[in-house]
Amino acid sequence: MGKVMWKPGTFLYPIPAVLVTSGTMEKSNIMTVAWTGIINTNPPIVYISVRPERYSYHLIKENKEFVINLTTEKLAFATDWCGVKSGAKLDKFKEMKLTKEKANFVKCPMIKESPVSVECRVIEEKNYGSHTQFVAEVLAINADKQYINEKGGFDITKCNLISYSNGGYFTQGKKIGRFGFSVKKKK
Ligand SMILES: Cc1cc2nc3c(=O)[nH]c(=O)nc-3n(C[C@H](O)[C@H](O)[C@H](O)COP(=O)(O)O)c2cc1C
């Protein structure tokens, strides 16, 4: 059959669709972001790419802080809704009945209903055309205790994280291997 060639684009899936919170406890916003990822492990550095027309863009640019809140099947509706409505004129926390939780290092709130909230401080920003990439150092990871097992590990299978692929939201399928399984010696 072979492959069909398309013009250059951004077909790179699956990726996360996260809820990014910005602003302060009093004046805060939530925005859905799929253009996000890890840049460096040590020190931990991540990025989000945001269009300047977003309300969140101005809050992040002003405060140089944001929180990445991971999304779950339960949060799928809010994930889509916060990605099609602007916080310029409405309170997304109130509309989606989400709870603000005080972060440890940044002024913006975390989303209590999210299993993991990553506190970020912007260290660099660069406009590439349509989007500005905010590169940020990770100040803290806040994980919901209900997913921490007796050994102190985070049980990622319990919280039903979702991903985003070519316009669709997906739950995770079954685990098919573990890091290094391809070279592990059979007992
Ligand atoms: C699944 C999904 C992913 C999105 N990813 C991004 C993104 O990476 N960058 C961006 O600028 N907008 C993205 N958007 C659009 C914004 O979330 C949307 O314009 C939102 O209304 C902006 O909110 P705000 O104006 O309150 O900041 C995405 C929307 C959806 C539904």
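Just so you know, all these numbers are worked out from the coordinates, no wet-lab data involved. Not measured: the values here are computed from a predicted model. FYI the Cβ positions are ideal-geometry reconstructions off the backbone, even for glycines, and counts take in every protein chain you see.
Where nothing but the Cβ of Lys and Arg (+1) and of Asp and Glu (-1) is charged, how large is the charge dipole of the range 25-114 around its Cα centre, in debye to the nearest 20? Intermediate results must be reported in sequence, preceding the final value.
Numbers: 15 positive and 10 negative charges, 43 e Å.
That gives the range 25-114 a dipole magnitude of about 200 debye.
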(message) With θ taken as phi - 60° and the coefficients 6.51, -1.76 and 1.60, list the Karplus ³J(HN,Hα) couplings across the range 161-171 in order, rounded to whole Hz; mark glycine and proline as x.
(response) 4, 10, 10, 10, 9, 6, x, x, 9, 10, 7
(request) Taking a cut-off of 14 Å between Cα atoms, list the aspartates and glutamates near Lys175, but don't count ones fewer than 8 places away on the same chain. (result) Asp155
(request) Provide the net charge surrounding Lys74, with neighbours chosen by a C-beta distance below 14 Å and charges set as Lys +1, Arg +1, Asp -1, Glu -1. (result) -1
(message) From zero outward in steps of 5 Å, how is the percent of C-alpha pairs of the range 15-171 spread across the bins?
(response) 2, 10, 20, 23, 23, 15, 6, 2, 0, 0
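Calculated from DSSP H runs of 4 or more alone, at -39500 (n - 2.57) each and per residue, what is the 222 nm mean residue ellipticity of the chain, nearest 500?
Using -39500 (n - 2.57) per qualifying helix, the result is -2500 deg cm²/dmol.
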(request) Answer with one residue from Tyr128, Ile176, Met96: the one whose Cα lies farthest towards the positive end of the charge dipole of the range 47-187, charges on Cβ with Lys, Arg +1 and Asp, Glu -1. (result) Ile176
(request) Once you've got the Cα coordinates, tell me which of Lys64/Lys97; Lys7/Lys74; Lys151/Lys174; Lys3/Lys187; Lys7/Lys97 are over 31 Å apart. (result) Lys7/Lys74; Lys3/Lys187; Lys7/Lys97
(request) Report ³J(HN,Hα) in whole Hz for each residue of the range 144-156, in order, from the Karplus equation J = 6.51 cos²θ - 1.76 cosθ + 1.60 where θ = phi - 60°; Gly and Pro get x. (result) 5, 4, 5, 9, 8, 7, 4, 8, x, x, 8, 8, 5
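With the Cα gyration tensor of the range 144-187 giving a ≥ b ≥ c as the square roots of its eigenvalues, does the rule (a/c under 1.5 for rounded; else a/b larger than b/c for prolate; else oblate) give rounded, prolate or oblate?
Details: a/c = 3.50, a/b = 1.17, b/c = 3.00.
Oblate shape, in that a/c is at least 1.5 and b/c is the bigger or equal ratio.
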